[in-house]
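Structure record follows, encoded as C-alpha cells.
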Amino acid sequence: MPADAKLTFYSAHAGPPVDSFRLLGRLTKWEALGNEALVVWTRPNEAWLLEPYGPCDGLDFSSAISLTDHAGRVEAGLDYVLVSHPSPVHLPCGIRSIRPLDLAAIRQAEKARRSTPAPAIPANH
C-alpha cells in the first residue's frame, strides 16, 4: 500500500489529538508513512500516529528512529522524532500532533480487506 494510502488508513482509525503519551523504554516497532507521518508502537497493543511539523527528511527511507521524551512522556510541541541516517547524524523532526490508534479496529479493517476478493479481470478474446 502506498504511503499516502497508509496515512489515510491510519488517520481513519486514529482518535483525537492528545498532548502526550508514556514511553517506558524502547519502541516495540515503528512504520514510516512517507515523510509526513509515522506510527509508533509503545506496547504490542498500544500505538500512536505522530505527525511532524512539515516533512521529516529521511523518515521514509531510514532504518532507525528514536524519540526524545521528558521523564518518560513524549509531548506534542516539545519532543522530536530523531531520524537516523547512515552517517552518525540524527535529523530532528518536531512532533506537531499525537493521535492514539484503535488497533482493534485496524486489525478488523485489515482482516476485512484481506478477505475481500480482488475484482475479476475480464479475459481478452
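The values are calculated or read from the model by the stated rules, or taken from the named source; none is laboratory data. Keep in mind the model is a prediction, meaning the values are calculated, not measured. Every residue, glycine among them, receives a Cβ derived from its backbone with ideal geometry; neighbour counts consider all protein chains shown. We work out accessible area using only protein heavy atoms, side chains counted, and drop any ligands, DNA or RNA first. Shrake-Rupley method; radii C 1.70, N 1.55, O 1.52, S 1.80 Å.
Tell me which of these Ala120 doesn't satisfy, since it passes every other one: (1) modelled with pLDDT of 90 or more; (2) of a type in the set (A, V, I, L, M, F, W, C); (3) assigned to a loop (DSSP other than H, G, I, E, B). Ala120 satisfies every listed condition except (1). Looking across segment 21-45, the residues that are open to solvent by 20 Å² or more (accessible area, probe 1.4 Å) and aromatic (Phe, Trp, Tyr) come down to Trp30, Trp41.
Looking only at segment 1-51, how many residues end up being aromatic (Phe, Trp, Tyr), over 9 Å from the mean Cα position of the chain (by Cα) and under 22 Å from Arg73 (Cβ atoms)? I'd like the intermediate steps shown before the answer.
To start, the set of residues in segment 1-51 that are aromatic (Phe, Trp, Tyr) comprises 9-10, 21, 30, 41, 48.
Among the residues that remain, those that are also over 9 Å from the mean Cα position of the chain (by Cα) are: 9, 21.
Among the residues that remain, those that are also under 22 Å from Arg73 (Cβ atoms) are: 21.
Final tally of qualifying residues: 1.
Only residues that are surrounded by 14 or more Cβ atoms within 10 Å (Cβ to Cβ), among the aromatic types (Phe, Trp, Tyr) and within 16 Å of His90 (Cβ to Cβ) were counted in segment 46-61, giving 0. Residue under question is Ser97, and the condition is that it be more than 22 Å from Ala3 (Cβ to Cβ), modelled with pLDDT of 95 or more, crowded, with 16+ Cβ neighbours inside 10 Å and of a type outside the set (Asp, Glu); does it hold? Against the criterion (more than 22 Å from Ala3 (Cβ to Cβ), modelled with pLDDT of 95 or more, crowded, with 16+ Cβ neighbours inside 10 Å and of a type outside the set (Asp, Glu)), Ser97 does not qualify.
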